[in-house]
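Presented below is the structure to which this report refers.
The values are calculated or read from the model by the stated rules, or taken from the named source; none is laboratory data. Only a predicted model underlies this, so the values are computations on that prediction, with no experimental measurement involved. Counting neighbours? That spans all protein chains shown, and the Cβs are built from the backbone with ideal geometry, glycine included. These accessible areas exclude ligands, DNA and RNA; they are computed on the full protein's heavy atoms, side chains included. Shrake-Rupley method; radii C 1.70, N 1.55, O 1.52, S 1.80 Å.
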Number of protein chains: 2
Amino acid sequence: MFEVNRRSALKIAAFAVAASSVAPALAADAEVLPSWVDGEAKSRIVDFVAATTTEGGADFVEPADRVAVFDNDGTLWGEQPMYVQLAFVLDRVKQLAPQHPEWQTKEPFKSVLSGDMAGVAASGQKGLVELLAATHAGMSTEEFEKIVSDWTASARHPVSGKPYTAHIFQPMVELIDYLKAKEFKVFIVSGGGVEFMRPWTERVYGIPPENVVGSSIKTKYEPRNGVPAILRLPEIDFIDDGPGKPVGIHKFIGRRPIAAFGNSDGDFEMLEWTTSGPGRRFGLIVHHDDAERENAYDRDSHFGRLARGLDEAPARGWTIVSMKDDWKVIYPK
Amino acid sequence: MFEVNRRSALKIAAFAVAASSVAPALAADAEVLPSWVDGEAKSRIVDFVAATTTEGGADFVEPADRVAVFDNDGTLWGEQPMYVQLAFVLDRVKQLAPQHPEWQTKEPFKSVLSGDMAGVAASGQKGLVELLAATHAGMSTEEFEKIVSDWTASARHPVSGKPYTAHIFQPMVELIDYLKAKEFKVFIVSGGGVEFMRPWTERVYGIPPENVVGSSIKTKYEPRNGVPAILRLPEIDFIDDGPGKPVGIHKFIGRRPIAAFGNSDGDFEMLEWTTSGPGRRFGLIVHHDDAERENAYDRDSHFGRLARGLDEAPARGWTIVSMKDDWKVIYPK
């Protein structure tokens with residue numbers, strides 16, 4: 001069902017572009033962001049886009065400089081009851097366990113296999129790196145891409161029973177399409193692994209692999225049996241989270257965005273870096289306050305903790321989106 | 001003069017796109033790559049592009065997957081008598097010397113200031129890192145961008161007396177425009193510093209900063225006097241050369257290119273990785289064999305050494321371009 005919906009969104013975007021090239025004034029904003037309630041959040045977005053894309057206006061920005069960055073976990077899709085990539089790690093450990101009998105008695109694998117999440121957490125940073133090494137390294141990049149694609153197609157969310165890619169936020173997908181139709185260059189800038197996202201972001205969000213920035217492990221170019229390959233090494237290369245996000249933006253994109261969209265304090269520096277530049281800027285935080293349709297969490301959450309952002313957003317001029325009040329729907333139909 | 005020329009090229013490209021959308025068959029290839037001699041090299045390029053962009057053909061490639069990568073030094077612009085970035089380093093040391101009286105007696109700075117290039121070379125890798133740290137680190141990314149832009153505008157090539165950006169290769173700029181008009185995504189993948197290229201690649205080649213991959217030093221997000229900034233640290237982050245090029249392509253672009261263009265053995269692995277993928281692929285090496293109009297060098301050059309590529313290109317199906325025989329002109333008019 002989502003696929004149909006996605007194509008429809010693309011058609012609307014394509015139509016908007018075609019229409020605006022013929023008669024810009026007719027591309028009415030009543031049709032944009034249909035899943036957003038006509039309130040302050042939507043009107044701030046539309047005002048920002050109008051201001052930065054209207055030629056001759058004081059805040060006009062050339063298309064080349066219209067860079068918008070989106071966090072992924074909790075901003076474009078759900079991150080509860082745990083980050084999707086963590087669910088992938090746990091599943092992979094279970095799948096690989098028969099080849100590793102020693103894991104039955106060795107932490108953090110033992111806790112994973114017995115479903116003891118407190119035990120996994122107790123293994124700390126060291127345990128996490130061991131889990132990453134066991135599940136994300138030791139194969140070629142193309143083999144890993146296939147592993148991720150296969151898992152994404154087969155894995156199901158523990159609560160809804162749907163594929164994780166069904167848990168994307170329809171209003172945010174519309175926002176991506178809207179910005180692209182207005183000649184923004186849209187990037188994902190996520191704390192998640194870049195190679196965990198790239199296999200599906202184009203199909204699901206319309207964001208191609210080259211526009212995905214994320215955390216990464218090191219790789220090495222090395223022919224295997226005479227066939228050129230890039231091997232994944234058990235060593236962290238880059239952590240694209242918190243103060244790492246502006247660094248990742250600079251490293252991969254090479255210019256400061258004019259709009260940033262996040263949901264947790266891991267996005268704080270990305271929003272700060274984006275909105276402290278000269279000219280008109282836009283910062284937005286998705287607030288998970290909808291226990292009925294999605295989840296309600298902020299200051300005390302293990303995943304996607306949001307405290308400083310909530311406190312400082314008003315003074316910084318950032319828009320806080322209430323999922324409960326600002327979104328007509330949460331997921332694609 | 002170059003600016004006018006660049007705009008003309010863009011107009012031609014835009015016209016080609018418009019024309020092809022109305023009547024594809026009329027977008028005659030006689031008009032493409034006008035600075036290329038009608039010979040084997042040009043015809044191989046045109047055949048490859050036709051094969052991969054003709055819908056319904058056996059070798060058709062979707063636009064999303066049409067990734068083309070270009071080396072920069074020696075492929076898109078000159079690299080003699082030394083890499084342009086090295087000229088920048090030497091100039092910066094001279095500019096900064098009054099603030100560093102100790103450099104008068106300390107290597108490798110002493111050799112740079114006395115013009116003793118053999119002495120600079122004798123300082124080896126350690127000396128080079130010291131020179132990089134002194135000239136490329138210790139400032140914000142925005143300050144460095146201004147330093148590069150100012151230098152690029154004022155520096156002159158020691159032989160021609162022209163700006164370095166006048167030493168770009170007109171046939172290669174036409175090739176970039178041709179590929180872009182055919183919906184290729186064109187990236188630079190260079191051993192040079194990414195932040196040394198990004199300030200001018202869009203203006204000079206039409207390649208935006210986010211499509212430039214290169215070597216880099218580490219950076220750190222850190223407000224200075226309360227103003228958010230990204231600081232450049234005196235530490236190598238990534239070397240985008242040789243086997244580092246496939247790694248850089250994977251890291252920054254996230255998919256394997258279908259066409260690669262280089263000129264030295266530092267591009268070998270990039271060409272190998274690109275052309276060993278499935279489906280129709282294209283590899284091309286620019287051979288500097290034109291002592292009269294540019295330079296003639298290959299196996300014994302300090303900059304842009306080319307030996308293995310020359311030896312293996314025929315068996316690998318890579319096209320070798322003779323600057324002397326295949327290019328009508330070298331530089332933009």
Query raised in the report: With all protein chains present, how much of the accessible area of segment A:37-147 (probe radius 1.4 Å) comes from carbon and sulfur, to the nearest whole percent?
Result: 54 percent
Query - Innermost chain A residue relative to the axis carrying A onto B, by Cβ distance in angstrom - result: A:F252, 3
**Report entry** Label point 7 Å beyond Cα along the C-beta direction, distances from A:A307 to other copies (nm, shortest first)
**Finding:** 6.1
Report summary line: DSSP beta bridges in the protein assembly as shown: the antiparallel percent, rounded to 5, is 35 percent
Requested in this report: Set the Förster radius R0 to 60 Å, insert the Cβ-Cβ distance between B:D91 and B:A64 as r into 1/(1 + (r/R0)^6), and round the FRET efficiency to 0.05.
Outcome: 0.90
Query raised in the report: Listed highest first by mean packing, meaning other Cβ atoms within 10 Å per residue, what order do B:293-302, B:232-241 come in?
Result: B:232-241, B:293-302
Query raised in the report: Is chain A best put as rounded, prolate or oblate by its Cα gyration tensor, with a ≥ b ≥ c the root eigenvalues, rounded for a/c under 1.5, and otherwise prolate when a/b is larger than b/c, oblate when not?
Result: prolate
Report summary line: Over 25 Å (Cα to Cα) among B:K106/B:K126; A:K146/A:K220; B:K185/B:K218; A:K251/B:K333; B:K180/B:K220 -> B:K185/B:K218; A:K251/B:K333; B:K180/B:K220
Report summary line: Once B:L113, A:L128 are ranked on solvent-accessible area with the largest value leading and a 1.4 Å probe, the list reads A:L128, B:L113
Query raised in the report: Which cross-chain or sequence-distant (5 or more) residues have an amide H under 5 Å from the amide H of B:T75, H modelled 1.01 Å from N in plane?
Result: none
Requested in this report: Mind listing the label-point distances from B:E130 to the same position on all other copies, shortest first, one decimal in nm, points 7 Å along Cα→Cβ?
Outcome: 4.4
Query raised in the report: Hey, what does the equivalent ellipsoid look like for the protein assembly as shown, semi-axes from the Cα gyration tensor as sqrt of 5 times each eigenvalue, largest first, whole Å?
Result: 41, 30, 28
Query raised in the report: With every protein chain left in place, what is the accessible area of A:T54 in Å² (1.4 Å probe, nearest 10)?
Result: 70 Å²
Report summary line: Counting sequence-distant residues (5 or more places) and residues on other chains, those with an amide H built under 5 Å from that of B:V321 are B:I285, B:V286, B:H287
Query - Under-5 Å amide H pairs with B:R305, H placed in peptide plane, nonlocal only - result: B:D265
**Report entry** For A:245-252, mean number of other protein chain Cβ atoms within 10 Å
**Finding:** 6
Requested in this report: Would you mind giving the mean number of other chain beta-carbons within 10 Å of the Cβ of each residue in B:139-146, as a whole number?
Outcome: 1
Report summary line: Rounded to the nearest 10 Å², the accessible area of A:S149 using a 1.4 Å probe with every protein chain kept is 50 Å²
Query raised in the report: Hey, what's the Kirkwood Rh for segment B:170-324 if you take every pair of different alpha carbons, in angstrom?
Result: 17.0 Å
Query raised in the report: Sorted by average packing, counted as other Cβ atoms within 10 angstrom per residue and highest first, what order do B:100-111, A:75-86 take?
Result: A:75-86, B:100-111
Report summary line: chain A: relative contact order from alpha carbon pairs under 8 Å, six or more residues apart, as a whole percent, is 22 percent
Query - Heavy-atom SASA rank of A:K333, A:K251 (probe 1.4 Å, accessible area, largest first) - result: A:K333, A:K251
Query - Accessible area of segment A:70-203 divided out per residue, in Å², using a probe of 1.4 angstrom - result: 40 Å²
Query - Accessible heavy-atom area order of A:D59, B:D71, highest first, probe of 1.4 Å - result: A:D59, B:D71
Query - segment B:319-333 - phi-based ³J(HN,Hα) in whole Hz, Karplus 6.51/-1.76/1.60, Gly and Pro as x - result: 8, 9, 9, 8, 4, 5, 9, 9, 10, 5, 10, 9, 10, x, 6
Report summary line: Relative contact order in percent for segment A:166-222 (Cα pairs under 8 Å, 6+ apart) equals 33 percent
Query - Nearest 10 degrees, 0 to 90: helix B:84-96 Cα axis against chain B principal axis - result: 20 degrees
Query raised in the report: For segment B:84-154, what is the Kirkwood estimate of the hydrodynamic radius, computed as the reciprocal of the mean inverse distance between distinct Cα atoms, to one decimal in Å?
Result: 12.4 Å
Query raised in the report: To the nearest whole number, what is the average tally of beta carbon atoms from other chains within 10 Å of the beta carbons of peptide B:196-208?
Result: 1
Query raised in the report: Using the Cβ atoms and a cut-off under 10 Å, what net charge is assigned to the surroundings of B:P228, where Lys and Arg are +1 and Asp and Glu are -1?
Result: -1
Query raised in the report: B:G161 label points, 7 Å along Cα→Cβ, one per copy: pairwise distances from this copy to the rest in nm, shortest first?
Result: 8.2
